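Below: the structure, in structure tokens.
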Amino acid sequence: MTEEINAGCADCGATFPREAAERAGGSDLACPVCGHSVVRGIPFEHGSLGATQPNTRCADCQATFPHAEAKTPTKGVLACPVCGSTGKLEPIGSDSPR
């Protein structure tokens, strides 16, 4: 059985199971790819049809996330929730926006 991808690196944008980021003997987390110490949880979004899977990719940091996480307070501006880039966000997967 594969582990759930539920964590991401705020620096390089890599996604991985939280267990892969845990350091032995402590509660500190570190990215298993680049070693950066800012690791954030990736919660599932629950809607009327169930959990929303990542369907958007940031062209700058390559992080993947549900499109709804890219919203900002400014109308018409979307930003990557990992790196904050307002550059190009690309749809991925079969349930991408049309």
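The values are calculated or read from the model by the stated rules, or taken from the named source; none is laboratory data. Keep in mind it's a predicted model, so treat the numbers as computed, not measured. Here Cβ is always computed from backbone atoms with ideal geometry, including for glycine, and neighbour counts include all displayed protein chains.
Annotations
Each row is one residue, and each column tells you yes or no for (1) under 24 Å from residue 88 (Cβ atoms); (2) at pLDDT 85 or above; (3) out of contact with any strand residue (DSSP E or B) (no Cβ under 8 Å at 6 or more places or on another chain); (4) among the acidic types (Asp, Glu).
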| position | (1), (2), (3), (4) |
| --- | --- |
| 18 | no, no, no, no |
| 35 | no, yes, yes, no |
| 46 | no, no, no, no |
| 59 | yes, yes, no, no |
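- Number of the condition not met by residue 75 [criteria: (1) at pLDDT 75 or above; (2) within 10 Å of the chain's Cα centre (by Cα); (3) over 14 Å from residue 91 (Cα atoms)]: (2)
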